[in-house]
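Okay, so here's the structure we're looking at.
All of the numbers you see were taken from the coordinates with simple rules; none came from a lab. Quick caveat: nothing in here was measured; it's all calculated off a predicted structure. Virtual Cβ from ideal backbone geometry, glycine too; neighbours counted across all protein chains shown.
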């Protein structure tokens with residue numbers, strides 16, 4: 001992997017050089033050397049980026065399948081509302097499957113999903129998760145992705 005590829009892929013995944021360094025078990029300077037071409041990017045780091053990228057693509061494919069199933073049952077939705085998390089802690093609270101990835105990686109995934117939905121003629125809106133407001137809105141119902149999307153869609157009505 002070239003230094004430019006490494007930096008481009010890292011940035012496209014919403015990851016900082018510090019996150020890469022922390023998760024590769026190296027100092028920030030080492031990750032910066034990889035990007036500068038002063039050191040080769042280790043195979044295990046290349047594999048880590050590839051796994052993250054494939055995980056995002058898999059999640060996007062699942063979401064697109066869910067939208068296609070919804071379209072079969074109820075017709076093409078007029079709009080899809082996606083939920084973005086402001087902090088890593090909020091992301092991990094509502095999407096523990098995303099840990100240890102940062103909220104910026106989830107945002108990168110939302111951007112890819114948004115483009116895929118738009119290419120299918122389905123407009124999207126991205127709303128921030130407001131945990132306290134959402135918990136009040138839930139009124140004791142169990143938290144699910146469907147509930148989060150329904151709550152986020154109510155933000156459009158305001």
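What the table below lists for this structure:
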{"item": "Spin-label pair residue 39/residue 79, simplified geometry with 7 Å Cα→Cβ offset, distance in nm", "result": "4.8 nm"}
{"item": "Given (1) 0.95; (2) 1.33; (3) 1.19, the label whose value is Cα Rg over 2.2 N^0.38 Å derived from this model", "result": "(3)"}
{"item": "Shape call, the range 1-69: gyration tensor on alpha carbons, a/c limit 1.5", "result": "prolate"}
{"item": "Pair residue 87, residue 133: separation of 7 Å Cα→Cβ label points (nm)", "result": "1.7 nm"}
{"item": "Length gained when the stretch residue 112-residue 2 is fully extended (0.36 nm per residue, less Cα-Cα span)", "result": "37.3 nm"}
{"item": "In nm, spacing of pseudo-spin labels at residue 153 and residue 120 (7 Å Cα→C-beta vector)", "result": "1.5 nm"}
{"item": "Chain lengthening between residue 48 and residue 23 when straightened (0.36 nm per residue, less Cα-Cα)", "result": "8.1 nm"}
{"item": "Base-10 log of normalised Debye intensity for the range 75-116 (one unit scatterer per alpha-carbon) at q = 0.22 Å⁻¹", "result": "-0.70"}
{"item": "Computed [θ] at 222 nm, deg cm²/dmol, the chain (DSSP H ≥ 4; -39,500 (n - 2.57); rounded to nearest 500)", "result": "-20500 deg cm²/dmol"}
